[in-house]
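Below is one structure, written out as structure tokens, with a few remarks after it.
The values are calculated or read from the model by the stated rules, or taken from the named source; none is laboratory data. Just so we're clear, the structure is a prediction, and the values are computed from it rather than from any experiment. Neighbour counts run over all protein chains shown; Cβ positions are idealised from the backbone, glycine included. Each accessible area value is taken on the protein alone, full model and side chains, heavy atoms only, with ligands, DNA and RNA left out. Shrake-Rupley method; radii C 1.70, N 1.55, O 1.52, S 1.80 Å.
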Amino acid sequence: MVTLTILSKKERDTVHTAGKQILNEVGVKVRNEHIYKLLLDAGARHDESDNTRLYFPEAMVKKYLAMCPKSFTIKNRKDEETVIKNGATPLYY
């Protein structure tokens, strides 16, 4: 079996680091008031000059990524289950 590797470990780490930097320094516009408040309560910072932009500190991102499950199960239309886990064969739709 041939395994296709799209990004190396170093490249994945670079993308991850850049993503955290964008969340922390550029932020995200959140236009839904309820979601905005939930994210503030979860540790996001608001922008003094833009009442729709939130910034996600690195500690917040790390905390919530750690809470993500290491695997999960999905079902297709035929009710067949597939377990998705880190290091497993990628799943494409």
(request) Sort out which residues of the range 14-58 are among the polar types (S, T, N, Q) and touching a residue at least 12 places away in the same chain (Cβ under 8 Å), and write them in order of number. (result) Asn24, Thr52
(request) Please tell me if Val83 is surrounded by 10 or more Cβ atoms within 10 Å (Cβ to Cβ), modelled with pLDDT under 95 and β-branched (Val, Ile, Thr). (result) yes
(message) When you scan the range 55-72, do you find a residue that is open to solvent by less than 80 Å² (accessible area, probe 1.4 Å), at pLDDT below 95 and in contact with a strand residue (DSSP E or B) (Cβ under 9 Å, 6 or more places away or on another chain), even just one?
(response) yes
(message) Let me spell it out: the conditions are (1) out of contact with any helix residue (DSSP H, G or I) (no Cβ under 6 Å at 6 or more places or on another chain); (2) in contact (Cβ under 8 Å) with a residue 24 or more places away in the chain; (3) aliphatic (A, V, I, L, M), and Val61 meets all of them except one. Which number is the exception?
(response) (1)
(message) I need the strands (runs of 3 or more DSSP E) fully contained in the range 15-93, keeping only those with at least 2 residues that are under 30 Å from Thr5 (Cα atoms) and over 14 Å from the mean Cα position of the chain (by Cα).
(response) 71-75, 81-85
(request) Any chance you could count how many residues in the range 1-42 are of a type in the set (Lys, Arg) and either touching a strand residue (DSSP E or B) at 6+ places or on another chain (Cβ under 8 Å) or farther than 19 Å from Val61 by Cα (or both)? (result) 4
(request) Collect the residues in the range 1-49 that are open to solvent by less than 90 Å² (accessible area, probe 1.4 Å) and among the polar types (S, T, N, Q), keeping them in residue-number order. (result) Ser8, Thr14, Thr17, Asn24, Asn32
(message) Take the conditions touching a Gly at 6+ places or on another chain (Cβ under 7 Å) and more than 14 Å from Val26 (Cα to Cα) and apply them to Met60. Does it pass?
(response) yes
